[in-house]
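Taking it in order: structure first as structure tokens, then the write-up.
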Amino acid sequence: MEKKLNLGSGCVIENVNVAKDHFVMSLLLTSICKDALPGQFVMIRKQGVKDPLLSRPLSLYGVYQTDAGTVLEFLYRVVGKGTWALSRLTGGDQVDILGPLGKPFEILPDRNHVILLAGGIGVAPLSYFAEYLAKDLDRPEERGEETASARKVSFYLGATTAAALVGIEKIERFCTEVRISTDDGSAGFAGTVTELLQQDLAGLDHRNLCLYSCGPAAMIRSLSQLIESLDIPCQVSMEERMACGIGACLGCSIKVRDASLGWSYCQVCADGPVFDIKNLLWE
Amino acid sequence: MPDLSVDIGGLKLKNPIMTASGTFGYGEEYAPFINLNDLGAIIVKGLSLKPRMGNPPPRIIETASGMLNAIGLQNVGVQAFIEKKMPYLRTLEVPVIANILGEDPEEYQRIAERLTPVPGVAALEVNISCPNVSKGGIAFGANPESAIDVVRRVKSVTDLPVIVKLSPNVTDIAMIAEAVESAGADALSLINTITGMSVDIDKRIPHLKNITGGLSGPAIKPIALRMVWQVVNRVKIPVIGVGGIMDASDTLEFLIVGATAVQIGTANFINPQSTIHILNGLLAYMEKRHIRDIHELIGTLKC
């Protein structure tokens, strides 16, 4: 069995400051990650550097095949030492990549209205998913065809304020509709993105819906409460600090339901990062 | 080709590169990256009698040249290890060492009894940094009496080589080492992690849910090296050096002060192929200097 997960090196193409503290970085790999799927991530580090010590996990924002190799794109926010170091990378810098890692988003073929709900930097993995769905990459036999059961993708993007909204251009390109919310009302709906969804859900056929989400823990928790009594499948991409990224160190554990034990710890890197929202447990 | 083989208390290794417990899972996790059979030995995640859930998150935080971990000894338990992990490990041609832990002295004994007859278990590494829950939580390895008790009990039920992994969070590690040797340990490994802490200045809470955790990585290497040197000068049994080893150069420092072998831990997170790079670096160093046997290096510190 071919092992898709591996270690490789890449070259930074560019690393662009797109908004305050937010960067889009693209890099070229000649091996590995060719078939990296939405929801997966990589562990990335600058080659030859041990400070910061650990690699950082970044969700895939884009995966493109070119003549030169595979191009990976990341949209990330500088939140600490590691992401700050990544933001200093420029074209030509060499990086080491471990990936593709984690379980991707699972597409549900009998649900044709996909809702992607993102808070803040959670927009990154869901944008790649939106592009993947729009290009019908899971249905190669239907690409370029007008199909009767065309998929509808609605993207809900929430941020604290208008200036914090990132990644809008890409989602507008690939989604049927984009719904924006800001906590302070400076753009779109005034309120949280889950409040916006709640309003809209009233007018939608739940039997055709499936939800995918990524964002701050508080948002995911609200979402889980919102859909608790609804029969809408929902997958969420979770996050925890990581060291190994491959399920060996047990550092990134989160609490999940367990059929026989009641609950157990699962690894975000290897059992996730995508989880069924109904399996998540909250303190 | 230089001879890298070493003898750890009766266990013969083809080279001195071992993987540190807790950093290498149960071995199979690293199979995509290296040929596991190239290693000197694999030491698996510490095993308790019953499965342990481990600590609530957050469990890890990076620090300067290191990281803190408070995993909480999460493991599948000895029964699941034997049934679910050993079958794969038996397919390998590298010694598998079971690290064992306990909340009371009897637990160590019972785990040793369960593991001894299992085909493929080449040795036991006894983790005495665990809190002795029956005595208020002081680590077994913090005083000679409790360390001796654990080691004697394990030795009484096994004929496998017994390596005892020492805690550095003690006043005099050489004294503990001597005590453990007198209790019958076949080899020692040191050091385990050093207790440390890190704080989130925005939320004003510890970064770890457990508050404190074990420090590992390059930051601890000077302490580990000093402790290995101190212990080597006090005991006759082989000493395995652990603590912040990132490359062949670090490995050589430990061998030169007297370690017979080393364990590679945190380095595996930085590069899952670290162990093999270290092995190749060691060979290159020896070939360049026409050193034919690793024992020409071990314990050759001039001072």
Worksheet entry | Members of segment A:80-100 found to be β-branched (Val, Ile, Thr) and either in a strand (DSSP E or B) or more than 17 Å from the chain's Cα centre (by Cα) (or both), listed by number | A:THR90, A:VAL95, A:ILE97
Discussion item. Looking only at segment A:253-283, filter to residues that are among the hydroxyl-bearing types (Ser, Thr, Tyr) and either under 22 Å from the mean Cα position of the chain (by Cα) or assigned to a loop (DSSP other than H, G, I, E, B) (or both); which one of those is surrounded by the most Cβ atoms within 10 Å (Cβ to Cβ)?
Written reply: A:SER253
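Residue by residue, here is whether (1) aliphatic (A, V, I, L, M); (2) under 29 Å from B:MET246 (Cβ atoms); (3) touching an Asp or Glu at 6+ places or on another chain (Cβ under 9 Å) holds:
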{"residue": "A:CYS33", "(1), (2), (3)": "no, yes, no"}
{"residue": "A:ARG56", "(1), (2), (3)": "no, yes, no"}
{"residue": "A:TYR61", "(1), (2), (3)": "no, no, yes"}
{"residue": "A:GLU73", "(1), (2), (3)": "no, no, no"}
{"residue": "A:VAL79", "(1), (2), (3)": "yes, yes, yes"}
{"residue": "A:THR90", "(1), (2), (3)": "no, yes, yes"}
Worksheet item: Taking segment B:67-76 as the region of interest, how many residues are at the interface with another protein chain (Cβ under 8 Å from one of its Cβ atoms) and touching a residue at least 60 places away in the same chain (Cβ under 8 Å)?
Response: 2
Discussion item. Please determine whether any residue of segment B:282-302 is crowded, with 16+ Cβ neighbours inside 10 Å and within 14 Å of another protein chain (Cβ to nearest Cβ).
Written reply: no
Practice prompt. Take B:ALA64 and decide whether it is within 14 Å of another protein chain (Cβ to nearest Cβ), of a type outside the set (Asp, Glu) and out of contact with any strand residue (DSSP E or B) (no Cβ under 9 Å at 6 or more places or on another chain).
Written response: yes
Worksheet item: How about segment B:251-268: which of its residues are touching a strand residue (DSSP E or B) at 6+ places or on another chain (Cβ under 8 Å) and within 14 Å of chain A (Cβ to nearest Cβ)?
Response: B:ILE264, B:GLY265, B:THR266, B:ASN268
Worksheet item: Which numbered condition trips up B:PHE140, out of (1) closer than 22 Å to B:PRO51 by Cβ; (2) free of Cβ contacts under 8 Å to residues at least 24 places away in the same chain?
Response: (2)
Discussion item. When you check A:SER31 against the structure, is it small (Gly, Ala, Ser), in the same structural domain as A:GLN94 (by TED's automatic domain parsing) and surrounded by fewer than 16 Cβ atoms within 10 Å (Cβ to Cβ), yes or no?
Written reply: yes
Worksheet item: Which of (1) free of Cβ contacts under 8 Å to residues at least 24 places away in the same chain; (2) assigned to a helix (DSSP H, G or I) is the odd one out, the single condition B:HIS290 does not satisfy?
Response: (2)
Worksheet entry | Check on A:LEU133, outside the structural domain of A:LEU209 (by TED's automatic domain parsing) and not hydroxyl-bearing (Ser, Thr, Tyr) | no
Discussion item. Which residue is nearest to the other protein chains (Cβ to nearest Cβ), if the candidates are limited to segment A:59-68 and must be part of a strand (DSSP E or B) and free of Cβ contacts under 8 Å to residues at least 40 places away in the same chain?
Written reply: A:GLN65
Worksheet item: Somewhere in segment A:42-51, is a residue assigned to a loop (DSSP other than H, G, I, E, B), over 24 Å from A:SER213 (Cβ atoms), within 14 Å of chain B (Cβ to nearest Cβ) and charged (D, E, K, R)?
Response: yes
Worksheet, complete the sentence: Scanning segment A:69-87 for residues that are touching a residue at least 60 places away in the same chain (Cβ under 8 Å) and within 12 Å of A:ARG45 (Cα to Cα) gives A:LEU86, A:SER87
Discussion item. With surrounded by 15 or more Cβ atoms within 10 Å (Cβ to Cβ) and within 14 Å of another protein chain (Cβ to nearest Cβ) as the only criterion, which of B:SER167, B:SER189, B:SER146, B:SER198 stands out?
Written reply: B:SER198
Worksheet item: With B:VAL231, B:VAL239, B:VAL199, B:VAL180 as the choices, which residue is β-branched (Val, Ile, Thr) and touching a His at 6+ places or on another chain (Cβ under 9 Å)?
Response: B:VAL199
Worksheet, complete the sentence: Within segment B:28-54, the residues that are among the aliphatic types (A, V, I, L, M) and either crowded, with 21+ Cβ neighbours inside 10 Å or more than 9 Å from every other protein chain (Cβ to nearest Cβ) (or both) are B:ILE34, B:LEU36, B:LEU39, B:ALA41, B:ILE42, B:ILE43, B:VAL44, B:LEU47, B:LEU49
Discussion item. Can you pull out every residue in segment A:227-267 that is free of Cβ contacts under 8 Å to residues at least 40 places away in the same chain and among the aliphatic types (A, V, I, L, M)?
Written reply: A:LEU230, A:ILE232, A:ALA248, A:LEU250, A:ILE254, A:VAL256, A:ALA259, A:LEU261
Response to the item:
The condition from (1) outside any strand (DSSP E or B); (2) more than 7 Å from chain A (Cβ to nearest Cβ); (3) in contact with a Phe, Trp or Tyr (Cβ under 9 Å, 6 or more places away or on another chain); (4) not small (Gly, Ala, Ser) that B:PRO57 misses is numbered (2)
Worksheet item: So which helices (runs of 4 or more DSSP H) stay within segment A:101-209 end to end and still have 3 or more residues that are closer than 19 Å to A:ALA36 by Cα?
Response: A:123-134
Fill in: Verdict on B:THR212 being surrounded by 15 or more Cβ atoms within 10 Å (Cβ to Cβ) and among the polar types (S, T, N, Q)
no
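The values are calculated or read from the model by the stated rules, or taken from the named source; none is laboratory data. Predicted model only: the values in this text are computed from it and were never measured. In this analysis, Cβ positions are derived from the backbone assuming ideal geometry, glycine residues included, and neighbour counts consider all displayed protein chains.
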